[in-house]
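Encoded as structure tokens, here's the structure I'll be asking about.
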Amino acid sequence: MTAPDSAAQTSAAQPSAVQTPAAQTSAAQGQQDAEEKTTVVIDAEELAALEERNRGCTACKLRPGCTQVVVSDGNSQARVLIVGEGPGADEDRVGRPFVGRGGQLLDRILDSVQLGRGDVYVTNIVKCRPPANRNPEADETVTCTALWLEPQLALLRPEIILTLGNTPTQYLLSTKQGITKLRGVWHPYRQQGGLWEALLMPMFHPAYLLRNESRAVGGPKSLTWRDVREVRRVLDGGVPEGMSDPLRPPEGQGTLF
Ligand code: SF4
């Protein structure tokens, strides 16, 4: 799904002022597809039952070390689903994902393209806090995703999945490549034998951005701003052509968080 070079001209950072008839047709089709996908009916009762069972889970070695299971936040009807790595200390205490400093930065990232918590559904690859905020281990990820994330995705069927950081990106794309190489480009995510497919955009984790605060053009924050603007463009009906050069910084950084 990586774009040819010419497609980069229609990215969020470089919107094309004049579209060819073919591009107009594609954009119109994209808008129509987007509208059709917003009509997906979520089985709210089934989702609520799944989340309730999730809150009682003790299936892996993470549960004894945490305060509570942190399942989700946001809107189950949203077109965008965000997957982080795992709850931190603040999330473990409050019981909602992304409520600490990283969560506040995530809110600013979303706000930079006019998205709020009501426009997304947020969860993590593991629902219990790993000790000392270490990365989830393979057995924990396999157990938790099989029991909870995969059924969540099957019920929610989001149009767009944003994976934050290495752990969710590598798991959902079945790759060992790092986030630096994978971010900024659309990837297909398929489930149920290919019956359902979403667009997946890997992005830097907000915790990484907190450790790399530079607002320099081409830095991690600048690139994340580029990525989230591409997400906005596709949500607005743009064709998800990807970005041929995900390292190329945008011109200007008007709403950089
Ligand atoms: S991390 Fe997931 S599998 Fe492990 S106990 Fe928590 S909810 Fe269950």
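So how many residues does the range 80-107 have that are in contact (Cβ under 8 Å) with a residue 40 or more places away in the chain, surrounded by fewer than 22 Cβ atoms within 10 Å (Cβ to Cβ) and of a type in the set (D, E, K, R)?
Total meeting the criteria: 1.
Also, quick follow-up: Which condition from (1) surrounded by fewer than 24 Cβ atoms within 10 Å (Cβ to Cβ); (2) in a helix (DSSP H, G or I) is the one that THR58 breaks?
Among (1) surrounded by fewer than 24 Cβ atoms within 10 Å (Cβ to Cβ); (2) in a helix (DSSP H, G or I), THR58 violates only (2).
May I ask you to say which residue of GLU140, GLU159 is crowded, with 16+ Cβ neighbours inside 10 Å, among the acidic types (Asp, Glu), closer than 23 Å to ASP73 by Cβ and within 16 Å of the ligand (Cβ to nearest atom)?
Working: GLU159 fails: within 16 Å of the ligand (Cβ to nearest atom).
Going through GLU140, GLU159 in turn, just one is crowded, with 16+ Cβ neighbours inside 10 Å, among the acidic types (Asp, Glu), closer than 23 Å to ASP73 by Cβ and within 16 Å of the ligand (Cβ to nearest atom): GLU140.
Please find, within the range 121-133, the residue that is farthest from PRO158 (Cα to Cα) out of those that are surrounded by fewer than 22 Cβ atoms within 10 Å (Cβ to Cβ) and more than 13 Å from the ligand (Cβ to nearest atom). Break it down into steps so the answer makes sense when it comes.
Step one: list which residues in the range 121-133 are surrounded by fewer than 22 Cβ atoms within 10 Å (Cβ to Cβ), which gives 130-133.
Still in the list and also more than 13 Å from the ligand (Cβ to nearest atom): 132-133.
On the way: ALA132: 31, ASN133: 28 Å.
Ranking the qualifying residues of the range 121-133, first place goes to ALA132.
Let's see how each residue does on (1) charged (D, E, K, R); (2) within 10 Å of the ligand (Cβ to nearest atom); (3) at pLDDT below 95; (4) in contact with a helix residue (DSSP H, G or I) (Cβ under 6 Å, 6 or more places away or on another chain):
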{"residue": "GLN32", "(1), (2), (3), (4)": "no, no, yes, no"}
{"residue": "THR39", "(1), (2), (3), (4)": "no, no, yes, no"}
{"residue": "ARG53", "(1), (2), (3), (4)": "yes, yes, no, no"}
{"residue": "GLY56", "(1), (2), (3), (4)": "no, yes, no, no"}
{"residue": "ALA59", "(1), (2), (3), (4)": "no, yes, no, yes"}
{"residue": "PRO64", "(1), (2), (3), (4)": "no, yes, no, no"}
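The values are calculated or read from the model by the stated rules, or taken from the named source; none is laboratory data. The model shown is predicted, which means the values in this text are computed figures rather than measured ones. With ideal geometry, Cβ positions are generated from the backbone for all residues, glycine too; neighbour counts draw on all protein chains shown.
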